[in-house]
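Remarks on the structure that follows.
The values are calculated or read from the model by the stated rules, or taken from the named source; none is laboratory data. Because the structure is a prediction, the values reported are computed rather than measured. Cβ sites come from the backbone with ideal geometry, for glycine too, and all protein chains shown count toward neighbours. The area values use the complete protein model at the heavy-atom level, side chains included, leaving out ligands, DNA and RNA. Shrake-Rupley method; radii C 1.70, N 1.55, O 1.52, S 1.80 Å.
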Amino acid sequence: MQNRCVPFVLLFAFSATVVLAQKQPSVQNDREVLQEILQQTYQPSLVGKQLMGFGGETDIRRAGTIVVIQRPGLYGSLLHNEPASSSITGLKCELFRGHKDYEVPAGERYYVTSVAVSSSTILVGLISARSIPTQAGVGRLWTTLSFNFPDHVLAIADKETVFRAFDQWFVPEGRNVTSAPVAAPVAAPVAAPAVAPVVVVPAASSAPVAAPAPSAAPASTPAQTLSSPQGTSRVNIQSDPAGAEIYLDGEMVGSTPSKLMIPSGSHNFRIHADGHADWNRQINILPGSEITLSANLAKN
C-alpha cells in the first residue's frame, strides 16, 4: 500500500511545482511597444542618397516629423559619421561625442531621423531642417540625443514619463506656434507649451497639452473648439518640395508634411517655399471630416 502511494505523492508534488511556477510574475519588457509608440509620434524622415547613388547624404527623401528645440545646451555636427551626441538626464545635458560645429539655439527646427529604445536609454537622431553656416562649413547639422531613464520606466512602456522628458528639449512643430520657445537656463523649469488655434496631431502621442485660460471667453472660442472632437476636422497637408511653410487664414501654423486639427468651416490655405510659386486654396471643411491637401509647387 505504501509503494502505491509514492508515485501519487511525487505526481502531486510535481503538479504543485508547475502551478507555483506559473504563478511567478514574469519580468515585463514592453520596450518594443514603447519604441513603436515613439516612432508613430515622432515619425522618422528618410535621409540620404537615393537608389543608384543619386543625391547627397543630407537629402530629405521622405519628410517625417519636424521638432522645435526648446532649450540651449545641444550641439550639431557637419559630419554624419560623427554626430554631436549628448547624454541627457532630466535637464542635465553633456556632450560625449562628435564636433561642436554649431551650438543649437532654442527655436531651431530639426527633422527626426531615428528613434530607438534600449535597456535604459532612448536614442533620438536629428538632422537640421535647414543648411546652417558654421566655421567648419555650411550644411545640415547632425545631432543625436541619448535620454537616460530608470530601467523600469522603459520596461513598462511608461510613455507619459518619456513624453515629459522629451518635451523639456523638443516638441513637434505646431504645438507651440503661438509663441517662440524661450531660451531658459538649463537649471530652470520649462512651462508646458500652450495650445495653438491649430495644432499638429502626432500619430500616437499622449503627452498632455494644457489649454490657455481665456478670460470670459465664449464657449465657441477656437481653443475650446479644438479641445473637443466635435466641430473640428483633421487636415493632412503635404507638398512637393517638402518643408514648405503652411499658412492658415494668413497665419503660419507649421511646415509640410503636417497633420492639423482645425475648426470646421471655410479656411484659406497657402503653401509657401522660397523659389516657388505659392499654392492657394479656399476650402470649406465639414465637422468631423478628414481631408488631404497635396500642393505641387512650381518653380519661379
Point to revise | Odd one out for Ser119 among (1) under 20 Å from Asn29 (Cα atoms); (2) at pLDDT below 95; (3) not in a loop (DSSP other than H, G, I, E, B) | key: (3)
Exercise for review: Keeping to the range 261-290, report how many residues are of a type in the set (Lys, Arg) and over 27 Å from the mean Cα position of the chain (by Cα).
Suggested key: 1
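Examine the range 8-29 for a residue that is of a type in the set (Lys, Arg), outside any strand (DSSP E or B), surrounded by 13 or more Cβ atoms within 10 Å (Cβ to Cβ) and at pLDDT below 90, and state whether such a residue exists.
Step one: list which residues in the range 8-29 are of a type in the set (Lys, Arg), which gives 23.
After this cut, where a residue has to be outside any strand (DSSP E or B) as well, the list is 23.
From what is left, the residues that are surrounded by 13 or more Cβ atoms within 10 Å (Cβ to Cβ) are none.
Checked the range 8-29: no residue is of a type in the set (Lys, Arg), outside any strand (DSSP E or B), surrounded by 13 or more Cβ atoms within 10 Å (Cβ to Cβ) and at pLDDT below 90.
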Check your understanding: How many residues does the range 266-283 hold that are loosely packed, with under 14 Cβ neighbours inside 10 Å and in a strand (DSSP E or B)?
Key -> 6
Exercise for review: Read through the list (1) over 23 Å from Gln39 (Cβ atoms); (2) surrounded by fewer than 17 Cβ atoms within 10 Å (Cβ to Cβ); (3) modelled with pLDDT under 85, then give the number of the only condition that Val253 fails.
Suggested key: (2)
Practice item. Look through Ile88, Ile60, Ile69 and report the one residue that is within 19 Å of the chain's Cα centre (by Cα), more than 20 Å from Thr121 (Cα to Cα) and touching a residue at least 60 places away in the same chain (Cβ under 8 Å). Key: Ile60
Revision key, fill the gap. Over the range 125-150, the set of residues open to solvent by less than 10 Å² (accessible area, probe 1.4 Å) and either outside any strand (DSSP E or B) or more than 16 Å from Thr161 (Cα to Cα) (or both) is Gly125, Leu126, Ile127, Ser128, Ile132, Leu141, Thr143, Leu145
Practice item. Would you be able to say whether some residue in the range 83-98 is closer than 19 Å to Leu46 by Cα, surrounded by 18 or more Cβ atoms within 10 Å (Cβ to Cβ) and out of contact with any Asp or Glu (no Cβ under 7 Å at 6 or more places or on another chain)? Key: yes
Review point. Counting just the residues of the range 39-73 that are surrounded by fewer than 19 Cβ atoms within 10 Å (Cβ to Cβ) and assigned to a strand (DSSP E or B), which one comes out modelled with the lowest pLDDT?
Key: Arg61
